[in-house]
Amino acid sequence: MLRSFAAVAVLALATPAVASAVPANDDFAAAKAISGTRGSTSDANIGAGKEPGEPNHAGFPGGASIWYRWTAPEDRHFSFTTQGSFDTLLAVYEGSSVSTLIEVASDDDSGLDENGGSALSFAATAGSTYHVAVDGFGGKYGAVDLRWQRAPANDNFENALELA
């Protein structure tokens with residue numbers, strides 16, 4: 001009888017530690033810093049939530065967001081993608097707090113892969129800080145592979161290359 005009690009006590013003590021594990025970049029204020037004209041980072045939104053006042057990313061409520069902070073190194077179009085991740089919502093914002101966020105670009109299901117990865121592109125201003133949110137569509141959780149890169153010079157119609 002004592003053995004059963006000890007096993008239950010150990011299980012009860014282990015459960016709160018697992019339940020309280022959240023990603024370090026779960027909250028806007030704790031956004032993970034990323035940098036450069038191109039790069040990638042792998043994380044997971046398992047255990048993440050949605051903080052009070054957080055906007056719906058790409059127009060959907062989500063519920064399991066993680067945050068990144070990126071300062072544009074130059075005036076240029078940049079693209080961000082979660083291709084290869086699970087069914088994500090991806091959004092880029094300007095603003096210094098959750099309550100002051102202004103959406104710059106967002107996407108749900110870019111069509112780049114069958115998993116529902118997202119992709120977006122926007123005109124970045126050198127020295128401006130942007131906040132990138134990756135959320136799970138419908139509150140889904142999983143591994144996140146966020147990539148960013150400088151878009152080609154002719155990414156916009158106004159910069160089209162003339163063909164001979």
_region 140-157 residues that are closer than 17 Å to TRP67 by Cβ, paired with ones that are at pLDDT below 95 and of a type in the set (Ser, Thr, Tyr) (beta carbon under 8 Å, 6 or more apart)_ = GLY142/SER85; ALA143/SER85; VAL144/SER85; ASP145/SER85; LEU146/SER85
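Tell me the residue from GLY49, GLY39 that is open to solvent by less than 30 Å² (accessible area, probe 1.4 Å), at pLDDT 95 or above, of a type in the set (Gly, Ala, Ser) and not in a loop (DSSP other than H, G, I, E, B), please. Steps first, answer last, please.
Working: GLY49 fails: not in a loop (DSSP other than H, G, I, E, B).
Step by step, each of GLY49, GLY39 is checked, and only GLY39 is open to solvent by less than 30 Å² (accessible area, probe 1.4 Å), at pLDDT 95 or above, of a type in the set (Gly, Ala, Ser) and not in a loop (DSSP other than H, G, I, E, B).
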*Test SER85 against the stated conditions and say whether it is under 22 Å from GLN149 (Cβ atoms), under 12 Å from the mean Cα position of the chain (by Cα) and at pLDDT below 95.*
yes
*Sort out which residues of region 52-73 are among the charged types (D, E, K, R) and open to solvent by 50 Å² or more (accessible area, probe 1.4 Å), and write them in order of number.*
ARG69
*Unmet criterion (only one of (1) on the phi < 0 side of the Ramachandran plot; (2) surrounded by fewer than 19 Cβ atoms within 10 Å (Cβ to Cβ); (3) not acidic (Asp, Glu)) for GLY117*: (2)
*asked:* I'd like to check something: does region 11-31 contain any residue that is surrounded by fewer than 17 Cβ atoms within 10 Å (Cβ to Cβ), at pLDDT 95 or above and closer than 21 Å to PHE122 by Cβ?
replied: no
*Here are some conditions: (1) acidic (Asp, Glu); (2) modelled with pLDDT under 95; (3) within 20 Å of ASP27 (Cβ to Cβ). GLU103 meets all but one. Which one does it not meet?*
(2)
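The values are calculated or read from the model by the stated rules, or taken from the named source; none is laboratory data. Because the structure is predicted, anything quoted here is derived from the model rather than measured. Neighbour counts are summed over all protein chains in view; Cβ atoms, including those assigned to glycine, are modelled from backbone coordinates with ideal geometry. To get the accessible areas, we keep the full protein, side chains included, count just its heavy atoms, and leave off ligands, DNA and RNA. Shrake-Rupley method; radii C 1.70, N 1.55, O 1.52, S 1.80 Å.
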